[in-house]
Amino acid sequence: MPYINGKYTETNPPEELDYEEHEDGICDPQMNDYLLNRNYAHIWENGYQLEVQDGCWYELYLKDRAHGSAPKSEENLSTKEQELIQLISSLYKGSDLGYFSDQGQITFYVSDKEELLDEDLLLSSFEKINIKDLSSDVLARLKNLQIAIDKHKNNDNDSIQDHSVLIDQIANSEIEFHEINEEDKNNREFILELVKAHHFSFMHIPDKFKDDKEITLNAVTGSAYHLEVASDAMKSDKEVVLVAVRAFGSSLEYASEELKNDREVILASLGDAYSGFDHAPDELKSDREFFLSVIKKAPSYYKYLSLELKSDREIALLAARNSVNGFLDAPEEFKSDKDFIIEALQPSDNLNGRLIEFIPDGLKEDREIVSMALKKSNGSAFEFASEELRNDTEYFLQMPLLGLAYEYAGEGIKSDKEILLRIFEEGNIHSLEYASNELRADKEIVMKAIGIQPWALTLADEKLHNDEDLIAAGGIVELE
């Protein structure tokens, strides 16, 4: 007989339990109070007390799988108790301590009825299971049972760990928020940690927590709709609303009327997408000074302006300098205005010189505009210059870097041996790919190229791929 917690207990059940003699169990007020009426006792639905030599066995029916054709509700059980029930119910069957029956019976032994008042002993009895010949699956559940028992016995110390398990279950859709017990639903610290880990739970928590600033601040970064279900006080709290609209501009729709008219809040709601702007008041949508601030922060909003504001040169220029789309959305009078285009091509981190793709053809031959665009694009904007400029050797040679422009140059430039050799000096061997067929078959040119990069032989005319002199010089042909 094992010695547990300073008392003796059994691990082998009696041969028979006489259910017929005591159909409803033995009524012992003291034990019933402990097992059926106390806080932890609502785990159990019914109990049978059966006296044997040197003690008694007690057989209980778990509340979650009690008598009847359908399982009973667990809504009154704490999270700890639910977990313990589920684990125990996978291990026990009738009076065999290795398994568990559909009726949800647990049979355990005590050497003295008074020991039923010793909760540690009761739980320790569950620990003393004969593990011989048990499957690995049962052993794995038994290990989890030990963890659950430890948590159950150390409720105060392990509440945080217990809540973390529950939060994971909710986050993984293993359990719905409405299924947890009322104690946890009304536990502020638990709700705060839940919302931090699983924003969407905010939709289901009690209303009193939707008026809690710390909880709400953590929720509104998870979805635009969380501000909608927050309390009116939170919708009027500028700090909360600023956090909400910075995360989701469309949250502005759910802010108080006062904050919907607050310029700082509206500007904070303007991100890369068209979101909070739609919910700004109409009077602000025609406010010039306000929109100067808007376009500085989010140039993409230019297309939503009134024609009057779009025709404001300062606003239009601000948009065009920060985005090609801003230029495209400008009135036609600006897109054909040389001074406007030159100002738009001024240094900017958000725009390169390829803007000239969209200017009128007549301005694509303007050397001042094209030169500025080439400088901004390191030469690649040459693709959009007029044909006249792309065939102008003198103009081409004035560029600081020729390599990127070479691909788009006219045939006369691509047939000029000296120009190609100058580009090689810049280290741009790729230009050989765009040279005329005559130059790609020029052995002197190719020899110069492979002296810089051996794989340049790949770009030469195929007739040279097996040239002994070029191969001897280190030239290689890279296979695709």
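Specify which of the listed residues (LEU227, LEU259) is more than 14 Å from HIS199 (Cα to Cα) and either touching a helix residue (DSSP H, G or I) at 6+ places or on another chain (Cβ under 8 Å) or crowded, with 23+ Cβ neighbours inside 10 Å (or both).
Working: LEU227 fails: more than 14 Å from HIS199 (Cα to Cα).
Result of the check over LEU227, LEU259: LEU259.
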Please report, ordered by residue number, the helices (runs of 4 or more DSSP H) entirely within the range 381-480 with at least 2 residues that are β-branched (Val, Ile, Thr). 417-425, 443-450
Going through the range 319-339 in order, the residues found to be under 40 Å from the mean Cα position of the chain (by Cα) and either over 18 Å from GLU308 (Cβ atoms) or among the small types (Gly, Ala, Ser) (or both) are ALA319, ALA320, ARG321, ASN322, SER323, VAL324, ASN325, GLY326, PHE327, LEU328, ALA330
Determine, yes or no, whether ALA330 is crowded, with 19+ Cβ neighbours inside 10 Å and not in a helix (DSSP H, G or I). yes
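FYI, it's all coordinate maths here, none of it is from the lab. Note that the structure is a prediction, hence the values are computed from the model and not measured. Don't worry about glycine lacking a Cβ; one is built from the backbone with ideal geometry, like all the others, and counts go over all protein chains shown.
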